[in-house]
Amino acid sequence: MTTIAELPPGFADKVLSAQSTFRSVMDAMARPGSVQRIVPMAGAPDMMMRGTAAIALTLFDHDTPLWLDARISESSDVTKWLKFHTGAPVIQDSSIASFALISDGVLLPPLERFALGTNEYPDRSTTVIIQVESLDSGRGFELRGPGIDGVATLQASIKPADLFERLKFNEALFPRGIDVVLVADDAVVAIPRTTRVANKGS
């Protein structure tokens, strides 16, 4: 059993590292499809990529209900690390989560199970953070929408293979829907609910 003293550390410089990580995530949200790098690194427990850990340290707190996929929730090291460093309450009901952590896309439940916001408050939806294999190789996708000048091209190796197809339900729900952040080690890409995704060349 891992003790508190044995948990991986958080940020060495909490303020500057959190500011830098926040800027990277906000740049990714403002420019959907663009790959941003998270520079300040923190220790991360098994099953959490360095970028995921940095995002957790920056965005999670005691006011942000957190839903974890089955693999993460079964890891006492991860749940201890999250509780110790962020204080975010881990909940079982994904429909009221502010954030969801998905260690592997194959464990992603149907997106409609998450909070989708309301027409009046679309920002009250879940932000789903999904760890993926790569954001510089794999299938090509075209993104359109606010923050994109014409068309943005994204290359990603993702699971499940139909992830972007599943994101199309945002179109029917707009302005409701979910925001997705893809993480591959220290690289992040955001796909807000306003972004439309298609296979490249389709």
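Could you list the trypsin sites (Lys or Arg not before Pro) in the stretch 26-71 that lie in coil according to DSSP, counting only those with at most 16 other Cβ atoms within 10 Å of their Cβ?
In loop regions of the stretch 26-71 (DSSP not H, G, I, E or B), there are no sparsely surrounded trypsin sites (Lys or Arg not before Pro).
Near residue 126, within a Cβ-to-Cβ distance under 10 Å, what is the net charge of the other residues, with Lys and Arg +1 and Asp and Glu -1?
+1
When ligands, DNA and RNA are left out and all protein chains stay put, how many square angstrom of accessible area per residue does the stretch 118-202 have with a 1.4 Å probe?
Value for the stretch 118-202: 45 Å² per residue.
Only Cα pairs under 8 Å and at least 6 apart count here; give the relative contact order of the stretch 8-148 as a rounded whole percent.
This gives 21 percent for the stretch 8-148.
Which of 76, 94, 24 ends up with the largest GNM mean-square fluctuation for the chain, with Cα atoms connected below 10 Å?
Checking each option, the largest mean-square fluctuation is seen for 76.
For the stretch 175-191, in order, what is each residue's ³J(HN,Hα) by Karplus, 6.51 cos²θ - 1.76 cosθ + 1.60 with θ = phi - 60°, in whole Hz (x at glycine and Pro)?
x, 6, x, 10, 9, 10, 10, 9, 10, 10, 6, 9, 9, 9, 9, 10, 10
Whats the longest run of the chain with zero GluC sites (Glu not before Pro) that are DSSP loop and have at most 15 other Cβ atoms within 10 Å?
1-73
Can you give the calculated 222 nm mean residue ellipticity of the chain, where each DSSP H run of n ≥ 4 adds -39,500 (n - 2.57) and the sum is split over every residue, rounded to the nearest 500 deg cm²/dmol?
After summing the helix terms and dividing by residue count, I get -7000 deg cm²/dmol.
Ignoring ligands, DNA and RNA, what percent of the 1.4 Å accessible area of the chain is carbon and sulfur?
Carbon plus sulfur share of accessible area: 52 percent.
What FRET efficiency comes out for residue 171 versus residue 118 if R0 is 22 angstrom and r is the Cβ-Cβ distance? Round to the nearest 0.05.
0.80
Dipole of the stretch 21-151, Cα-centred, from +1 at each Lys and Arg C-beta and -1 at each Asp and Glu C-beta, to the nearest 20 debye?
I would put it at about 220 debye.
For the chain, set up a GNM with springs between Cα atoms under 10 Å and report which of 52, 79, 126 has the largest fluctuation.
Taking springs between Cα atoms under 10 Å, the residue moving most is 79.
The values are calculated or read from the model by the stated rules, or taken from the named source; none is laboratory data. Predicted model, so just to flag it, every value in this text is computed and none were measured. All Cβ positions, even for glycine, are placed from backbone atoms using ideal geometry, and neighbour counts span all protein chains on display. In case anyone asks, the SASA skips ligands and DNA or RNA and just uses the protein heavy atoms, side chains included. Shrake-Rupley method; radii C 1.70, N 1.55, O 1.52, S 1.80 Å.
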